[in-house]
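To keep things clear, I will list the structure first and then write my remarks on it.
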Amino acid sequence: MELYQQTIHQLHSLLKSKKISSVELTKAFLQRISEQDSRIGAYISVTGDTALHQAAQADKLIAHGNDISILTGIPLAIKDNMCTKGLKTTCASRILGDFTPPYDATAIEKLKQQHYVLLGKTNMDEFAMGSSTENSGVRPTHNPWDLNRVPGGSSGGSAAAVASQQAVAALGSDTGGSIRQPAACCGVVGLKPTYGLISRYGLVAFASSLDQIGPITRDVRDAALLLNVIAGHDHRDSTSAPQSLPDFTAKLGKPIEGLKIGLPREYFSAGLGQEVAAGIDNARNILEKLGASFAEVSLPHTEYGIATYYILATAEASSNLARYDGVKYGYRHQDYDNLLQMYENSRAAGFGDEVKRRIMLGTYVLSSGYYDAYYLKAQKVRSLIIRDFEELFAEYDLLLTPTIPAPAFKLGERTADPLTMYLSDIFTISANLAGLPAISVPSGFSSSKLPLGLQLMGPPFSETKILQVAHAFEQETDYHLQHP
Ligand code: GLN
């Protein structure tokens, strides 16, 4: 197997036993990026010099016989909405096109403490608003399994980088599905952790009550290993949970016998593709053989998820994005006679269409006269969605659903119709509204050899159990071992 096809845990043993060096590994990836990425478009920036410098540092630590950490010398890709000190962080937006943050996001700081290697920053929908990476202000990313198709979004660059073996693993962010949906479209593993488990400090805010950082990896063990590193309380994020941390790998390989898994009927309605449904049946059979039991359950408020999300997420976005006014940082238009015109021209030229659409929607639902009818109502429905889950998790350990209703769609197919695009996240949005952890793992392929994904959701802070069941499924299948 080529170096660039291996997992974090495999490469860690090779590095530790000095069979390979981090510089050698990093060069293999940089070479791979230079060969592949003009076709895929996973990266916005490749940080080759930084990567080689970090790799040399890691090699020094290894040479000195220090007890190295799991990520020491491991080359990763980071979504371009996480602040990286001294390195451009653009959110794929013109308005942040030249922005170089003076500090690291907490998740990045934690990776640095382990001496990871940063290969580059990955492409995304502008400000993480989208489901296909076509809203990138830079260029669209192509799905490595079929270059005419989208990789999903908004973390499409991160998922495509891992799937096309241009990074060992990556970080993405998930506000309504942006880790799990592209992971499913690209045939890799994506985990959205419980809200508050990972600090959002230094993650450029889209919708603060929904955003979470999480891993995109080749297998479930790698997701657990990365989570071990980036999770934890942070006093710089007031929504960060003061929880003590388990070892997220602790239950991998432990029997899943006796676990009760619900199949919410609202996720298996008429619109679901036949191949997707068959994939979930197959997963159910596998997990049943391993001793889990299944029952059909109901999440009655599921149908309101999309509407609720697009009210709350746009409301929060309109407020969060007010800071881009051309004054302190970011793009400033050259043409203006007064302050107001400077704001207007900078924002008009700096933001793309989808971002503008969200700012307008969000401003509308928050405006006086409409606040009660939209924003306040959506908050109430959010509570109902949370309650649906609480009731089920009193009885069931986890829920099993598809991640995506159909395999990756063609580039350009949904760009003209934002509403159809919004529906791509129908199965992933509820976990964000309820703050729950959820993972997507490869669950097979369509007849045209496009990846499909299954999703496991659990109650808050049940990552260990979710990873345990996802891992048990993965061990019985070889979907995660296939390459585009
Ligand atoms: N597709 C959803 C949106 O456009 C979710 C995006 C995300 O999770 N960042 O808002």
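Every number here is computed from the coordinates shown, using simple stated rules; none is lab data. Not measured: the values here are computed from a predicted model. Heads up, the Cβs are rebuilt from the backbone with ideal geometry, glycines too, and the neighbour counts pull from every protein chain shown.
Ordering 74, 133, 105 by the projection of their Cα atoms onto the charge dipole of region 26-142, which places +1 on the Cβ of Lys and Arg and -1 on the Cβ of Asp and Glu, puts 74 at the extreme positive end. The convex hull drawn around the Cα atoms of region 1-150, when projected onto a plane and averaged over every direction, covers 9.1 nm².
Setting aside same-chain residues fewer than 8 positions from residue 260, which lysines have a Cα under 27 Å from its Cα? Candidates past the 8-residue exclusion: 192, 251, 289, 465.
The overall shape of region 421-467 is oblate: from the C-alpha gyration tensor, with semi-axes ordered a ≥ b ≥ c, the ratio a/c is 1.5 or greater and a/b is no larger than b/c.
Summarising the label geometry, the points placed 7 Å from Cα in the beta-carbon direction at residue 5 and residue 18 lie 2.9 nm from one another. Between the residues 412, 375, 317, the greatest Cα displacement towards the positive end of the dipole of region 296-428, with unit charges on the Cβ of Lys, Arg, Asp and Glu, is found for 317. DSSP assigns beta bridges within the chain; of those with both partners inside it, close to 65 percent run antiparallel.
Charging the Cβ of each Asp and Glu at -1 and of each Lys and Arg at +1, and nothing else, the dipole of region 303-461 about its Cα centre rounds to 320 debye. Based on alpha-carbon atoms, the Kirkwood radius and the radius of gyration of the chain give Rg/Rh equal to 0.95. Let a ≥ b ≥ c be the square roots of the eigenvalues of the Cα gyration tensor of region 231-292; is it rounded (a/c under 1.5), or, if not, prolate (a/b larger than b/c) or oblate? Oblate.
Among all helices in the chain defined by DSSP H, which have a length of 15 Å or more along the axis from Cα atoms plus a Kyte-Doolittle mean of at least 1.0? What comes out of the filter, once short or polar helices are dropped, is 220-230.
Each 10 Å bin from zero holds the following percent of Cα-Cα pairs in region 340-484: 9, 26, 29, 23, 10, 2, 0.
For region 244-354, the fraction of alpha-carbon pairs lying more than 16 Å apart is 76 percent, rounded to a whole number. The protection proxy used here, the mean number of other Cβ atoms lying within 10 Å of each residue, ranks peptides 317-323, 431-437, 72-78 as follows, highest first: 72-78, 431-437, 317-323.
Assuming 0.36 nm per residue, please report the length gained on full extension of the stretch residue 344 to residue 265 beyond their Cα-Cα distance. Gain on extension, residue 344 to residue 265, equals 23.7 nm.
Each other residue within a Cβ distance under 15 Å of residue 349 adds +1 if Lys or Arg and -1 if Asp or Glu, for a net charge of -2. Please state the Cα pair-distance histogram of region 86-153 with 10 angstrom bins from zero: what percent is in each bin? With 10 Å bins starting at 0, P(r) equals 21, 39, 33, 8. Here the dipole of the chain is about 740 debye; that uses its Cα centre as origin and unit charges on the Cβ of Lys and Arg (positive) and Asp and Glu (negative). Bridgeable aspartates and glutamates around residue 19 (alpha carbons under 19 Å apart, same-chain partners fewer than 8 residues away excluded): 2, 59, 67. From the largest down, region 308-381 spans 44, 21, 20 angstrom on the principal axes of its Cα atoms. Over all other residues within a Cβ to Cβ distance under 10 Å of residue 234, the charged ones net out to +1, with Lys and Arg as +1 and Asp and Glu as -1. No solvent, one uniform scatterer per C-alpha: report log10 I(q)/I(0) for region 268-420 via the Debye equation at q = 0.13, 0.14 1/Å, two decimals. Here the Debye-derived log intensity ratios amount to -0.86, -0.93. Projected onto planes of every orientation and averaged, the convex hull of the alpha-carbon atoms in region 68-114 covers 3.4 nm². Which shape class, rounded, prolate or oblate, goes with region 43-98 when its Cα gyration tensor gives a ≥ b ≥ c as root eigenvalues, a/c under 1.5 marks rounded, and past that a/b bigger than b/c marks prolate? Since a/c reaches 1.5 and a/b is larger than b/c, the shape of region 43-98 is classed as prolate.
The equivalent ellipsoid that matches the C-alpha gyration tensor of region 174-257 spans semi-axes of 22, 18, 10 angstrom, in descending order.
Here residue 377 is the anchor, and the aspartates and glutamates within straight C-alpha reach of less than 19 Å, apart from those fewer than 8 places off in the same chain, are 303, 316, 388. Our helix-only sum for the chain, with -39,500 (n - 2.57) per DSSP H run of n ≥ 4 divided by its residues, gives a mean residue ellipticity at 222 nm of -11500 deg cm²/dmol. Of the peptides 161-167, 476-482, 384-390, 107-113, the order by per-residue mean of other Cβ atoms within 10 Å, starting with the highest, comes out as 161-167, 107-113, 384-390, 476-482.
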